[in-house]
Ligand code: NCD
């Protein structure tokens, strides 16, 4: 694998390979010494132009547990705020000998620009670009579903027939978009649930089974996994719903809605959560919530991605995904 930019176009076999390697990585994370020597001598740069806590720390932990050297480059306070371009930043990283660049950027397509520019020879991992894609989040979500549903028999299995409902701010969510494509590649049946104002205008190209405007109807259809999305207030410059109270009433996962879900359905959220808005404290903290498992699994999945990118033996596989 040369880069990981998107889940659109990501081959099923490669997606399963990443998930299976992540199983191997997870198995090492219960040991007292979690660190593996695998990427000793490699340099991973975390290039974050957008605020992030868990994703940046997760990539940092993943790289360090594989013994790579990690350089964190936050755009705030760097010369990027003085107007240095992506090209200059990339060329600086190249000159420093980066082997992989993990990039988060507010502009959709920035990771793809970096990967196809010729400015750097490093592998590029998209850690979230604008409202476009967040492939490692989708992979860790799929890993979490597979684990919860198939347990120790997860290896090699896809999500054939698994019913997933993705709920909330689909319009602004790179998590939703990356999940829709990966989940459909893995055989899951995806339902989108949102107010019409928080859905993209044209969904005809999205591989989803149905779109619902009513959360209770989605719950009555007994999904195996209910994925709640954060309301991305920072990306909203208009009124997408009347009030937060009204949103919570109609679209929030309340204690009553949690109780109406089948007993073995799981509740997911990529974090950070707006408790009381899209998800109630009862749902967030219930045993059916996988929120913290998602964080733990994120490290294993990112270890797998960095390993497949940098350990060499898969270097000739073209696995960029069909990012534009
Ligand atoms: C997501 C993101 O940044 O896209 N969060 C994350 O990666 N932990 C989702 C979100 O911000 O709502």
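Yes/no per residue for (1) over 17 Å from residue 119 (Cβ atoms); (2) over 23 Å from the mean Cα position of the chain (by Cα):
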| site | (1), (2) |
| --- | --- |
| 37 | yes, yes |
| 79 | no, yes |
| 85 | no, yes |
| 92 | no, yes |
| 101 | no, no |
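Residue-level analysis places residue 174 outside the set of residues that are modelled with pLDDT of 95 or more, outside the structural domain of residue 106 (by TED's automatic domain parsing) and closer than 18 Å to residue 12 by Cα.
Would you call residue 6 in a loop (DSSP other than H, G, I, E, B), within 22 Å of residue 145 (Cβ to Cβ) and within 16 Å of the ligand (Cβ to nearest atom)? Yes.
Within the range 227-261, the set of residues being more than 16 Å from the ligand (Cβ to nearest atom), at pLDDT below 90 and surrounded by 14 or more Cβ atoms within 10 Å (Cβ to Cβ) comprises just one member, 241. Criterion first (modelled with pLDDT under 95, out of contact with any helix residue (DSSP H, G or I) (no Cβ under 8 Å at 6 or more places or on another chain) and away from the ligand (no atom under 16 Å from the Cβ)) does residue 223 satisfy it? Criteria not met by residue 223. None of 275, 324 is modelled with pLDDT under 95, within 21 Å of the chain's Cα centre (by Cα) and either surrounded by 14 or more Cβ atoms within 10 Å (Cβ to Cβ) or at negative phi (or both) except 324.
Got a sec? Which strands (runs of 3 or more DSSP E) wholly within the range 45-141 have at least 1 residues that are surrounded by 20 or more Cβ atoms within 10 Å (Cβ to Cβ), assigned by TED's automatic domain parsing to the domain that holds residue 20 and away from the ligand (no atom under 16 Å from the Cβ)?
In the range 45-141, 100-105, 123-129 are the strands (runs of 3 or more DSSP E) which contain 1 or more residues that are surrounded by 20 or more Cβ atoms within 10 Å (Cβ to Cβ), assigned by TED's automatic domain parsing to the domain that holds residue 20 and away from the ligand (no atom under 16 Å from the Cβ).
Being in contact with a strand residue (DSSP E or B) (Cβ under 9 Å, 6 or more places away or on another chain) and in a loop (DSSP other than H, G, I, E, B) is not true of residue 156.
The values are calculated or read from the model by the stated rules, or taken from the named source; none is laboratory data. No experiment lies behind these values; they were computed from the predicted model shown. Every residue, glycine as well, gets a Cβ built from its backbone with ideal geometry; the counts of neighbours run over all protein chains shown.
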